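Student: The structure that follows is given in the form of structure tokens.
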Amino acid sequence: MAPPSLAVLHAEVDPALDLLTVPQVLARLQLGRSAVYGLLHSGQLTPITLGRARRIPTHALTDFIRVRLDQEAA
């Protein structure tokens, strides 16, 4: 059986599973480096580690923002 083409694999990937680098999260949250690393170390923002690289799934960033909005509304 032939392996699926890259187009098929790409089409099946859920956009919610996109991975962001720390600098990308810095830009999206408009926070400093130490603030974002503080969120990562406290567990408020959940990364995954790939070798030595740390990536933040977009759904983790969305969940973090949603929780913060709910806290502000309460």
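Where a number appears in this text, it was derived from the coordinates with a stated rule and is not lab data. This structure is a prediction, so every number in the text was calculated from the model and none was measured. Cβ sites come from the backbone with ideal geometry, for glycine too, and all protein chains shown count toward neighbours.
Student: What pairs can you find where one residue is in the range 43-63 and free of Cβ contacts under 8 Å to residues at least 24 places away in the same chain and over 11 Å from Leu20 (Cβ atoms), the other is in a helix (DSSP H, G or I) and of a type in the set (A, V, I, L, M, F, W, C), and their Cβ atoms are less than 7 Å apart, with a gap of 6+ or different chains?
Tutor: So the pair list comes out as Gln44/Phe64; Thr46/Ala60.
Student: Starting from residues that are outside any helix (DSSP H, G or I) and of a type in the set (D, E, K, R), keep the ones in the range 28-74 and report whichever is surrounded by the fewest Cβ atoms within 10 Å (Cβ to Cβ).
Tutor: Arg52
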